[in-house]
Amino acid sequence: MNKLKITALALAAVMSMSVVTACGSKKSSSAESSSAEEQQEKKVNDWDLESPSEGAKDYDLGDYRTDPETGIKLYYEEEQFPRELVLALEHYFLTFEKNDLEAYKAANLPLYNEEWEKYLQKEYKYGIESSFKTRCDSLKDAMEGTYKITRIKVEKSEQFPTEEAGVDDYLKWLGDIISNDKFPEQVKANCDSLRYMSFYVMAENSKGEENMLVSEYNIIFAEKDGKYYTFG
């Protein structure tokens with residue numbers, strides 16, 4: 001069984017055990033008023049690698065880091081995937097959760113936005129705005145209402161022998177769709193590097209149930225001046 005299938009099974013196990021009802025009590029005022037030193041220490045250690053306890057529902061998913069800004073658990077190897085790249089993927093999916101068109105456009109490579117807008121207008125008489133809304137609605141329907149992203153896992157794609165092969169295949173495919181055979185070369189000329197990887201996204205619905213939002217999907221990112229952009 002390949003690594004991606006194992007990951008999918010582990011994520012499915014988390015889903016089946018994640019319907020949780022929590023009750024809490026008010027914290028005392030002393031508990032709420034952490035010292036400045038404690039806050040600073042927490043900030044420094046926010047990105048520390050965490051390990052789930054043995055027997056925990058998410059034990060098989062392995063180690064993770066928690067984004068201090070969003071609380072989303074991120075599963076990735078920093079030696080393979082820079083934090084900025086993983087955060088770019090996180091921010092991309094948050095645009096759908098928040099229905100934020102402008103943030104979505106900013107997450108995409110500008111050249112992609114330009115070419116895809118022309119393609120959509122020519123073929124379907126609508127643009128990126130309508131396409132984005134449809135995708136937001138589709139994800140919301142899949143979660144049966146509002147949702148909150150909880151986990152993202154990034155791995156090396158096993159679809160191609162190398163990342164370069166995955167990049168080339170995707171760019172050619174997209175170039176064929178928009179009828180621009182120069183698109184792959186234009187993309188490569190407008191970025192410093194390209195990454196191709198596999199990922200999973202889990203989210204919690206309005207009932208507090210954690211479900212798979214995206215499973216074993218491949219994605220491409222272009223890096224320019226240290227910032228990562230995707231392709232819609």
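For the range 117-176, how many residues are under 22 Å from Asn218 (Cβ atoms) and charged (D, E, K, R)?
12
Of all the residues that make up the range 59-86, how many are within 16 Å of Met197 (Cβ to Cβ) and under 14 Å from the mean Cα position of the chain (by Cα)?
Selection size over the range 59-86: 9.
When you check Ser198 against the structure, is it surrounded by fewer than 16 Cβ atoms within 10 Å (Cβ to Cβ) and in contact with a Phe, Trp or Tyr (Cβ under 9 Å, 6 or more places away or on another chain), yes or no?
No: the conditions fail for Ser198.
From the set of residues in the range 54-98 that are among the polar types (S, T, N, Q) and closer than 23 Å to Asn211 by Cβ, which is surrounded by the most Cβ atoms within 10 Å (Cβ to Cβ)?
Thr95
Those residues that are within 25 Å of Leu213 (Cα to Cα) and in a helix (DSSP H, G or I), I need them from the range 146-168; list them, please.
Glu163, Gly166, Val167
Collect the residues in the range 140-162 that are surrounded by 14 or more Cβ atoms within 10 Å (Cβ to Cβ), of a type in the set (Ser, Thr, Tyr) and farther than 15 Å from Phe81 by Cβ, keeping them in residue-number order.
Scanning the range 140-162 gives Tyr147, Thr150.
Looking at the range 128-139, which of its residues are surrounded by fewer than 18 Cβ atoms within 10 Å (Cβ to Cβ) and within 26 Å of Glu185 (Cα to Cα)?
Answer for the range 128-139, where residues must be surrounded by fewer than 18 Cβ atoms within 10 Å (Cβ to Cβ) and within 26 Å of Glu185 (Cα to Cα): just Ser131.
For (1) over 13 Å from the mean Cα position of the chain (by Cα); (2) in a helix (DSSP H, G or I); (3) of a type outside the set (A, V, I, L, M), each residue gets a yes or a no:
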| residue | (1), (2), (3) |
| --- | --- |
| Lys57 | yes, no, yes |
| Ala88 | no, yes, no |
| Tyr104 | no, yes, yes |
| Tyr112 | yes, yes, yes |
| Lys118 | yes, yes, yes |
| Ser131 | yes, yes, yes |
| Asp137 | yes, yes, yes |
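Given the options Asp137, Asp168, name the one that is without any contact (Cβ under 8 Å) to a residue 24 or more places away in the chain and more than 18 Å from Leu94 (Cβ to Cβ).
Of the residues listed, the single one that is without any contact (Cβ under 8 Å) to a residue 24 or more places away in the chain and more than 18 Å from Leu94 (Cβ to Cβ) is Asp168.
From Glu117, Glu69, Glu155, grab the single residue that is touching a residue at least 12 places away in the same chain (Cβ under 8 Å) and of a type in the set (D, E, K, R).
On inspection, the qualifying residue turns out to be Glu155.
Would you check if there is a residue in the range 166-181 being buried (at least 19 other Cβ atoms within 10 Å of the Cβ) and closer than 21 Å to Ala103 by Cα?
No - not one qualifying residue is present in the range 166-181.
Looking at (1) out of contact with any Phe, Trp or Tyr (no Cβ under 7 Å at 6 or more places or on another chain); (2) surrounded by 13 or more Cβ atoms within 10 Å (Cβ to Cβ); (3) at pLDDT 95 or above, which is the one condition that is false for Asn190?
(3)
Name the residues in the range 207-231 that are within 12 Å of the chain's Cα centre (by Cα) and among the polar types (S, T, N, Q), would you?
Once the filter is applied, which keeps residues that are within 12 Å of the chain's Cα centre (by Cα) and among the polar types (S, T, N, Q), the range 207-231 yields Ser215, Asn218, Thr230.
The values are calculated or read from the model by the stated rules, or taken from the named source; none is laboratory data. It should be emphasised that the depicted structure is a prediction, and the values quoted were computed from it without experimental measurement. With ideal geometry, Cβ positions are generated from the backbone for all residues, glycine too; neighbour counts draw on all protein chains shown.
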